[in-house]
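The values are calculated or read from the model by the stated rules, or taken from the named source; none is laboratory data. Just so it is clear, the structure is predicted and the values come from calculations on it, not from any experiment. Backbone-built Cβ (ideal geometry, glycine too); neighbour counts: all protein chains shown.
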Amino acid sequence: MQPIISIRGLRKTYASGFQALKGVDLDIRKGEIFALLGPNGAGKTTLISIVCGIVNASSGSVAAAGHDIARDYRAARSKIGLVPQELSTDAFESVWATVRFSRGLFGKRPDPAHLEKVLRDLSLWEKKDSKIMALSGGMKRRVLIAKALAHEPEILFLDEPTAGVDVELRHDMWQMVRRLRENGTTIILTTHYIEEAEEMADRIGVINHGELIVVEEKQALMRKLGKKQLTLTLQTPLQRIPEGLSGLPLELSGDGQTLVYTFDTQTEETGIAALLRRLGEHGVDFKDLHSSESSLEQIFVSLVHASKGAKA
């Protein structure tokens with residue numbers, strides 16, 4: 001299946017000489033939720049801004065729904081909705097007026113039924129006659145999403161959509177994003193909330209220093225790069241790990257109360273049975289144990305640190 005967004009050799013160097021993007025290649029599949037992660041200044045917003053026609057690329061190409069964003073700008077842009085980070089809205093307009101205007105900007109015929117559905121889905125219908133300046137920050141964020149959906153785009157970019165909103169609203173917005181995906185909309189999400197990507201994304205891309213360092217199915221990424229840990233609470237604190245256990249991937253807590261054993265999720269043999277046997281041989285008794293897996297946040301941090309090390 002042809003990707004709905006195809007990016008090839010995308011580069012952006014600003015007038016200051018700063019290289020924001022360094023030859024990015026990326027395909028986004030139709031109907032997926034793709035999470036683009038990276039630290040501040042990694043190139044996330046520049047990438048989105050180029051695809052959405054806000055910033056010009058230095059070189060490379062981008063096609064959206066089969067339309068080149070440079071040669072066929074109008075057609076490409078009509079397929080895209082953008083929810084920016086900044087809460088920039090027409091403060092003195094009503095909610096209804098601003099979403100109606102946004103639809104008209106793309107040359108779409110008036111469709112009050114569609115706009116009503118969008119506002120109801122975002123719990124904004126009761127506020128349709130309110131001036132935007134009178135709304136809370138969370139409601140303004142919803143208005144931005146309504147404006148982005150007003151012209152019925154096939155592709156929706158959400159650039160830090162839940163920044164500064166409360167937990168309840170964040171979960172409401174997750175549900176809304178899932179509904180959009182179920183209706184065939186492709187979602188590209190940037191976020192600092194790693195649990196957001198872990199909860200929602202089909203695939204994960206990590207960008208750092210203007211380069212994509214990994215693009216992978218979420219579950220495959222967590223299997224491939226994740227680690228499991230077995231934490232043992234000891235009967236008697238240890239001063240140090242016995243010499244006979246020094247070759248094992250063990251860490252002793254500062255107070256000597258717990259031992260943490262790290263093992264690879266990919267291997268068939270975890271080594272736990274051998275570990276427990278060897279602990280017994282060295283007189284190390286434990287009273288409790290539990291296992292845990294790496295979160296996406298831990299994987300993300302390790303990837304970013306690894307890419308920094310490669311640059312050094």
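Numbers at a glance
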read-out: Test for residue 5: is it within 16 Å of residue 158 (Cα to Cα), hydrophobic (A, V, I, L, M, F, W, C), at pLDDT 90 or above and not assigned by TED's automatic domain parsing to the domain that holds residue 108; value: yes
read-out: Count of residues meeting criterion [over 12 Å from residue 207 (Cα atoms) and assigned to a strand (DSSP E or B)] in region 1-38; value: 14
read-out: Residues of region 85-103 satisfying the condition of being surrounded by fewer than 13 Cβ atoms within 10 Å (Cβ to Cβ) and assigned to a helix (DSSP H, G or I); value: none
read-out: From the options 152, 86, 93, residue that is among the acidic types (Asp, Glu) and without any contact (Cβ under 8 Å) to a residue 24 or more places away in the chain; value: 86
read-out: Qualifying residue in region 24-40 (condition: out of contact with any Lys or Arg (no Cβ under 8 Å at 6 or more places or on another chain), surrounded by fewer than 22 Cβ atoms within 10 Å (Cβ to Cβ) and farther than 27 Å from residue 199 by Cα); value: no
read-out: Boolean, residue 286 is more than 26 Å from residue 79 (Cβ to Cβ), at pLDDT below 75, surrounded by 13 or more Cβ atoms within 10 Å (Cβ to Cβ) and outside the structural domain of residue 18 (by TED's automatic domain parsing); value: no
read-out: Cross-chain or 6+ apart pairs with Cβ under 7 Å, region 17-33 first and closer than 19 Å to residue 58 by Cα, then surrounded by fewer than 16 Cβ atoms within 10 Å (Cβ to Cβ); value: 19/13; 20/14; 23/9; 25/8; 25/9
read-out: Within region 130-141, considering residues that are charged (D, E, K, R) and within 12 Å of residue 98 (Cβ to Cβ), the one surrounded by the most Cβ atoms within 10 Å (Cβ to Cβ); value: 140
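Okay, residues lined up against (1) in a strand (DSSP E or B); (2) assigned by TED's automatic domain parsing to the domain that holds residue 109; (3) at pLDDT below 85:
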residue	(1), (2), (3)
126	no, yes, no
138	no, yes, yes
145	no, yes, no
161	no, no, yes
171	no, no, yes
180	no, no, no
213	yes, no, yes
220	no, no, yes
